[in-house]
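Down below is the structure, laid out as structure tokens.
The values are calculated or read from the model by the stated rules, or taken from the named source; none is laboratory data. The model shown is predicted, which means the values in this text are computed figures rather than measured ones. Cβ: placed from backbone, ideal geometry, glycine included. Neighbour counts: every protein chain shown. The area values use the complete protein model at the heavy-atom level, side chains included, leaving out ligands, DNA and RNA. Shrake-Rupley method; radii C 1.70, N 1.55, O 1.52, S 1.80 Å.
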Amino acid sequence: MPPLLPDHHTHHLRCGHAAGTLHDVAASALARGLSAVGLSDHAPLLFLEGDHPLPTVAMPRSAFARYVGEMGEVRAEFAGRVRVLLSVEADYLPGSQEAYRSLLAPVPLDYALGSVHWIDGWHLFAGALPDGWTRDHAWSRALALTRQAAACDWFEVLAHLDVLKTKGHLPSGWHTPELDETLDAIADSGKAIELNTSGWRKPVNDAFPSFGILQLAARRGIPVCLGSDAHSPGDVGADFERAARRLWEAGYRQTVTFEGRERRILPLA
């Protein structure tokens, strides 16, 4: 059996809401039969004051250098057995671009993930919308921020495009002109998206993005990679056979991975 496609989205204990070490993540990828695994924990929250403003959300600023060093050690430890990719997941917020560019530019990453988790001060995993908001408004704002993020030059992959649906905040009429505008902006940017399998492990029971959005992305030629968004070592590579089938059904015939911030093509069998 050939190796499974790389997992580009994983987390470990440093972020404060995941389990396992970087070694554990790589060992799980090896045991699962993945061709590669990306270590991509949550970057420090540079848009908030202090070293560790939200201890259960992301690593402190003071931990980032050690995180980078440990990723390199894990890569060396598993060399010849499973390819370990160096990465990070960083939040996009207006005004934070230069801070993240400065943080990540000196680091020998293979790629970086960019995520929209915060909308005008509201975290989209919150159980309720802010007073006066509708699901249509939240979706419109999430798409606007995603378009802005697509123009950034400090990451290669836009993560979990419709993750707003995790807590039921995605409107039923999700295929709006703004979605088409957003997908066009992503296509023009040359960035990849991910098919994030974590939604299949949540009550929403759907990957991010949905099949319909994935079809729209495929028609535009937007590159795609796979990510489990694992928050424990046992979830590394979760549902990747299912994800590969979904990509094929959506119209994809290849996926992408990264090395030294350069994109590489992987055929989708």
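A viscosity of 1.306 mPa s and a temperature of 10 °C, combined with the Kirkwood radius over Cα pairs in Stokes-Einstein, give a translational diffusion coefficient for the stretch 90-135 of 125 µm²/s.
When Rg and the Kirkwood Rh are both derived from Cα coordinates, the Rg/Rh ratio for the stretch 1-66 amounts to 1.08. With Cβ to Cβ distances under 13 Å as the rule, what net charge do the other residues near His137 carry (K, R +1; D, E -1)? Residues near His137 contribute -2 overall.
Among the lysines, which fall within straight-line cross-link reach of Lys202, defined as a Cα-Cα distance under 21 Å, with same-chain neighbours fewer than 8 residues apart omitted? Those lysines meeting the cut-off are Lys165, Lys167. Taking every alpha-carbon pair within the stretch 121-205, the share separated by more than 17 Å comes to 50 percent. Within the shell defined by Cβ-Cβ distances under 12 Å, the residues around Ala36 carry a net charge of +2, with Lys and Arg each +1 and Asp and Glu each -1. Each semi-axis of the equivalent ellipsoid for the chain is √(5λ) with λ an eigenvalue of the Cα gyration tensor; in descending order they amount to 26, 23, 17 Å. For the chain, the longest stretch holding no trypsin sites (Lys or Arg not before Pro) located in a DSSP loop with at most 11 other Cβ atoms within 10 Å is which? The reported range is 82-252. Here the stretch 1-153 yields Rg over Rh of 1.01, to two decimals, using C-alpha coordinates and the Kirkwood radius. Binning the alpha carbon pair distances of the stretch 114-269 at 10 angstrom intervals from zero yields the distribution 11, 41, 38, 10, 1, expressed in whole percent. Using alpha carbons only, what's the Rg to Rh ratio of the stretch 200-269 with Rh from Kirkwood? Rg/Rh: 0.97. By the scheme Lys and Arg +1, Asp and Glu -1, what is the net charge of all other residues having a beta-carbon under 12 Å from that of Arg201? Computed value for this residue: -2. Counting only protein heavy atoms and a 1.4 Å probe, the chain has 40 square angstrom of accessible area per residue. Across Asp131, Asp110, Asp206, Asp51, the residue with the most accessible area heads the list, and the full order at a 1.4 Å probe is Asp131, Asp51, Asp206, Asp110.
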